[in-house]
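The next block holds one structure in the form of structure tokens; read it before the comments.
The values are calculated or read from the model by the stated rules, or taken from the named source; none is laboratory data. Everything numeric in this text was worked out from a predicted model, so none of it was measured. Positions of Cβ are generated from backbone atoms using ideal geometry, with glycine treated the same way; all protein chains shown enter the neighbour counts.
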Amino acid sequence: MTGLLLFAHGARDPNWARPFQAVADRVRAARPGVPVELAFLEFMAPDIATAGRSLADAGCTAVAVVPLFLGAGGHVRKDLPVLVEQLRAHHPQATWTLSPAVGELDPVIDAMARAAEAFLPHTP
């Protein structure tokens, strides 16, 4: 079984997590048979170790780890690979695949450009 681990930074303000929770909810609705966990680097729960354990305990043998970051800064380039290696060490029965930051993917860049453009006045 394949699972999805969405990974976001985290913040002290609980409202900050709403868009990320919406992403998780939409994936769950679109793919009801796929276990989906949302994890945070700091300030919020669950952390990646807890979310990863939940997916492994659910019987996932393959997990896609998707960073919900706009770019690959230090957390995505340095911290996250270490955390994924820890998941691999603690749950060797599963394959943990780290994807690029979603903000670097063309469909996301296109969506952000369209959203920004929508704020411009319409011209004839």
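Check off (1) without any contact (Cβ under 8 Å) to a residue 40 or more places away in the chain; (2) part of a helix (DSSP H, G or I); (3) under 21 Å from Pro107 (Cβ atoms); (4) under 15 Å from the mean Cα position of the chain (by Cα) for Leu38 and give me the number that stays unchecked.
(2)
Within the stretch 57-71, which residues are surrounded by 13 or more Cβ atoms within 10 Å (Cβ to Cβ), in a loop (DSSP other than H, G, I, E, B) and in contact with a Pro (Cβ under 9 Å, 6 or more places away or on another chain)?
Selection gives Cys60, Leu68.
Within the stretch 42-55, does at least one residue satisfy the condition of being among the charged types (D, E, K, R), surrounded by fewer than 19 Cβ atoms within 10 Å (Cβ to Cβ) and not in a loop (DSSP other than H, G, I, E, B)?
Residues of the stretch 42-55 among the charged types (D, E, K, R): 42, 47, 53.
Now restrict to residues that are surrounded by fewer than 19 Cβ atoms within 10 Å (Cβ to Cβ): 42, 47, 53.
This time we only want the ones that are not in a loop (DSSP other than H, G, I, E, B), so: 47, 53.
Within the stretch 42-55, one or more residues are among the charged types (D, E, K, R), surrounded by fewer than 19 Cβ atoms within 10 Å (Cβ to Cβ) and not in a loop (DSSP other than H, G, I, E, B).
Take the stretch 73-119 and flag every residue that is at pLDDT below 95 and hydrophobic (A, V, I, L, M, F, W, C).
Scanning the stretch 73-119 gives a single hit, Val76.
I'm trying to understand the selection: among the residues of the stretch 89-124, which are part of a helix (DSSP H, G or I) and within 16 Å of Ala39 (Cα to Cα)?
Answer for the stretch 89-124, where residues must be part of a helix (DSSP H, G or I) and within 16 Å of Ala39 (Cα to Cα): just Val102.
Quick one: how many residues across the stretch 16-51 are among the small types (Gly, Ala, Ser) and in contact with a strand residue (DSSP E or B) (Cβ under 6 Å, 6 or more places away or on another chain)?
Residues in the stretch 16-51 being among the small types (Gly, Ala, Ser) and in contact with a strand residue (DSSP E or B) (Cβ under 6 Å, 6 or more places away or on another chain): 3 in total.
Would you point out which residue out of Arg77, Arg12 is surrounded by fewer than 18 Cβ atoms within 10 Å (Cβ to Cβ), part of a helix (DSSP H, G or I) and not β-branched (Val, Ile, Thr)?
Only one candidate qualifies: Arg77.
Among the residues that make up the stretch 109-121, is at least one of them acidic (Asp, Glu) and over 21 Å from Pro19 (Cα atoms)?
Looking only at the stretch 109-121, we keep the residues that are acidic (Asp, Glu), and these are 110, 117.
Still in the running and over 21 Å from Pro19 (Cα atoms): none.
No: the stretch 109-121 contains no residue that is acidic (Asp, Glu) and over 21 Å from Pro19 (Cα atoms).
Among the residues of the stretch 41-69, write down those that are over 13 Å from Gly3 (Cβ atoms) and more than 11 Å from the chain's Cα centre (by Cα).
Glu42, Phe43, Met44, Ala45, Pro46, Asp47, Ala49, Thr50
Looking at (1) surrounded by 13 or more Cβ atoms within 10 Å (Cβ to Cβ); (2) out of contact with any strand residue (DSSP E or B) (no Cβ under 6 Å at 6 or more places or on another chain), which is the one condition that is false for Leu98?
Of (1) surrounded by 13 or more Cβ atoms within 10 Å (Cβ to Cβ); (2) out of contact with any strand residue (DSSP E or B) (no Cβ under 6 Å at 6 or more places or on another chain), only one is false for Leu98: (2).
What pairs can you find where one residue is in the stretch 1-26 and over 20 Å from Asp57 (Cα atoms), the other is in a helix (DSSP H, G or I) and of a type outside the set (A, V, I, L, M, F, W, C), and their Cβ atoms are less than 8 Å apart, with a gap of 6+ or different chains?
His9/His75
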